[in-house]
Amino acid sequence: MSARKQGDGQPEDGGATAGKRLKIAKFSEDPEKKGLSRRLKDAEISLPIVYGTIAFYLGRKASESQSHKWTVYVRGATNEDLSAVIKRVVFQLHPSFNNPTRVMEAPPFELSECGWGEFEIAISLFFHPDVCDKQLDLYHHLKLYPEDESGPQSTKKPVVVESYDEIVFPDPSEAFYARVQNNPAVIVPRMPAGFNISAPVAPENTSERERGDTKDHPLSQWFMNFSEADELLKLAAARQQVQAHIVKLRRQLSVMDGMPQLSKPAPAYE
Amino acid sequence: MDAKDILGLPKNQLPIPQEKKSRPPKEPQRKPDGISREVYALTGGLAPLMPSVDVSQLKRRPPSDEKVTWQWLPFTNSARKDDLQLFHWVRVVNGVPPTGDYAFAKYNKSANIIKYTDEEYEKYLTDPAWTKEETDQLFDLCERFDLRFIVIADRFPSSRTVEELKDRYYSVSRALLSARAPPADITGHPLVKPYNISQEVERKRALSMVLSQTKQQERKDTEVLAEAKRITESRMAAKGPEESELPAVANIGPDNSQRAITGDAVTPSTAMPSSAIAASSTLMADNASTLASLRMLRVYLRTYALDQMVQAASASAGLRTIKRVEQTLQELGVNLKPKVPTKAVCAEHLELRKEILTLLNLQKQLQYKEAEGTSFQDSPYSETPGTPKRAPRGDQDRPFMPDPLGFGGDRFGKRDQKRKAPGRTSEAAQSPSQSKRPRKMKASDI
């Protein structure tokens, strides 16, 4: 089966990935790959995630080499289950750890360890085949010690560092779209009326698997709240200010242009 | 020799090396005659080697039983139509002159052109543009001049172009051939190849154009060709990694020709190895090209996307301007990198940055204008008499500070409505020293 590039008369090389290389209008002959090969142009599916670390001081139980217990995780921004999109997450720890490459195949995608040092953790996200065949790498600095170093560390209050980000899939396949169009963790674009793709027939039996969402996670009380409303408000206010200033300056400039005589004395300049 | 003792090597040497040893000491002692010692030493102290030449290879002398003389003899040339006799030197061996034709007669080849009878002409070869006379003349000239059409065209009584003559000749020959040998065994014949007169005319015209190109045109042509080559190469580069690594093909958009695709690995947090995105003059084009390059990635983080867009937007700005933008953002209370980078937030952030850039540009313009204006000014209107430079840098860096005045007090009225500056007077006289004391813009001022 060969796929053809739209707008290009050339046939593409064959191969396993040929089925994916299509723009929306053309179809490959193999019906199985159709879902993969048809892509939604000018639409993007985004997955808001939060990733970070929570570190507790062990207090009395602390030793030289294990002073803190920390957890690194990737969760949905609204604490929904991410497993529809993310297949597995690989955490790459400092080489001083045993088996520094930790692979999490199932949600919740997190890892807990004990240690004493701060280092950068590399988090690699691997997606399901119909989502994306490339991995995405994130980096997070593990913070164990609180900002203000006053007083002893509390074992009750952890050091929480979280980052919000959104994973964007610019050219999603139809199969992916169909699968996640009703998924609460995923932001799906509004398609024009009449655009209907049926969801796949066999939904997973959620009762058999463990819960993938983090709504009732033991650490959920420490999760940060990310509200875009605040930021939007601030940005809107800032823009207003800047725009007002621009208007003022423009007026000044036009006034200056309008009356050049004011500044020039009779003999101009040599 | 002591060393040899230590090593335990035998004192007696093998005969061959011994010979060698004995010989070289001899040579330098013997002073050769004829050459000075130094020159001889150049060769390494030995006689120079000469390639051995087989004596028999040297001058091959003819067998001594032959007697060779050279004689001045007449000869005839079979290639000539007349019986002219000329003379030349001939190598005579044992009294026998060489036989055979004149050696160069075999080179007198001529073209085979077909002859037609009048009947054949009537039957196959009539042509509205050609009279029988002309055709006959043509063929006669062809025979005489061996199908050298340039010459034939020159000699042809009525003026006909070379292409016309060629065309006539070839079509006549073809018609004759096909008439005489109807079956398809003439297809191999060279004359059957059709002569396309219009194409020939065109081709020659094009050639003459190329020949007569001026130097300027030549330069322009090479430039255009180089440009085209670059475009196709970038297209090939775009297609290359696309086809090999990125499975999906995004629709790039109108600026296709100027763009190269970014690298393959998707690691947005690290610096992506991106090929240069051709610089577009407008921000919109920048955005379009960044968007397109983002779409080439199969997946990316929104923060990364925002970074790229910000970079693209500030591509035309210098480092200092970028710093000022960031300063302004801080003054406005906005995070340099949004804490909650949703699509809407990122869009707003980008727009804000662009607006700040516009603002800074306007301020700069205003600055220049004022500098121009005040450099001519020596009137008492200025509130700071004798200070031509009115726009201290420190002041301009704070965009939300009152701008230094150019002239008149009417401006102050407007400004004061917006800003209540503690400790600042609202009269016309405002010294630069005062305006140098900046006041930070507070969010509560809104």
Open item on the list: Based on this model, can you work out whether A:G115 counts as within 14 Å of chain B (Cβ to nearest Cβ) and surrounded by 17 or more Cβ atoms within 10 Å (Cβ to Cβ)?
Closed with: no
TODO: Search region B:310-357 for residues being free of Cβ contacts under 8 Å to residues at least 12 places away in the same chain and facing another protein chain (nearest Cβ under 8 Å), and hand back the single one that is surrounded by the most Cβ atoms within 10 Å (Cβ to Cβ).
DONE: B:V345
Task: Of all residues in region A:41-76 being outside any strand (DSSP E or B) and either touching a helix residue (DSSP H, G or I) at 6+ places or on another chain (Cβ under 7 Å) or closer than 16 Å to A:V180 by Cα (or both), the one that is modelled with the highest pLDDT - done: A:E44
Task: Test: residue in region B:54-75 that is under 30 Å from B:K109 (Cβ atoms), at pLDDT 80 or above and not in a strand (DSSP E or B) - done: no
Open item on the list: Here are the criteria: (1) touching a residue at least 24 places away in the same chain (Cβ under 8 Å); (2) crowded, with 17+ Cβ neighbours inside 10 Å. Tell me which single one B:L141 does not satisfy.
Closed with: (1)
Open item on the list: Condition first: at pLDDT below 55 and in a helix (DSSP H, G or I). Now tell me which residues in region B:346-404 satisfy that.
Closed with: B:R393, B:G394, B:D395, B:Q396
Open item on the list: I'd like to know if region A:72-84 contains one or more residues that are surrounded by fewer than 19 Cβ atoms within 10 Å (Cβ to Cβ) and more than 14 Å from chain B (Cβ to nearest Cβ).
Closed with: yes
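Among the residues of region A:123-154, how many are polar (S, T, N, Q) and under 24 Å from A:L40 (Cα atoms)?
Result for region A:123-154: 1.
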Open item on the list: If a residue must be surrounded by 15 or more Cβ atoms within 10 Å (Cβ to Cβ) and more than 18 Å from A:F91 (Cα to Cα), how many such residues does region A:118-136 contain?
Closed with: 4
Task: A:K134 assigned to a strand (DSSP E or B) and either in contact (Cβ under 8 Å) with a residue 40 or more places away in the chain or more than 14 Å from the chain's Cα centre (by Cα) (or both) - done: no
TODO: Among the candidates A:Y164, A:Y139, single out the residue that is within 14 Å of chain B (Cβ to nearest Cβ), modelled with pLDDT of 90 or more and surrounded by fewer than 17 Cβ atoms within 10 Å (Cβ to Cβ).
DONE: A:Y139
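Would it be correct to say that A:K234 is under 30 Å from B:L362 (Cβ atoms) and either modelled with pLDDT of 85 or more or more than 9 Å from every other protein chain (Cβ to nearest Cβ) (or both)?
On the way: under 30 Å from B:L362 (Cβ atoms): yes; either modelled with pLDDT of 85 or more or more than 9 Å from every other protein chain (Cβ to nearest Cβ) (or both): yes.
Criteria met by A:K234.
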TODO: Determine the pairs where a residue that is more than 22 Å from A:V161 (Cβ to Cβ), located within region A:217-245, has a partner that is of a type in the set (G, A, S) and part of a helix (DSSP H, G or I) with Cβ atoms under 7 Å apart, the partner being 6 or more residues away or on another chain.
DONE: A:L232/B:A344
- [ ] Report yes if A:K156 is under 22 Å from A:L219 (Cβ atoms) and either away from every other protein chain (no Cβ under 12 Å) or surrounded by 16 or more Cβ atoms within 10 Å (Cβ to Cβ) (or both), otherwise no.
- [x] yes
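The values are calculated or read from the model by the stated rules, or taken from the named source; none is laboratory data. Note that this is a predicted model, so its numbers are computed, not measured. Quick reminder, even Gly has a Cβ in these numbers, built from the backbone with ideal geometry, and neighbours come from all protein chains shown.
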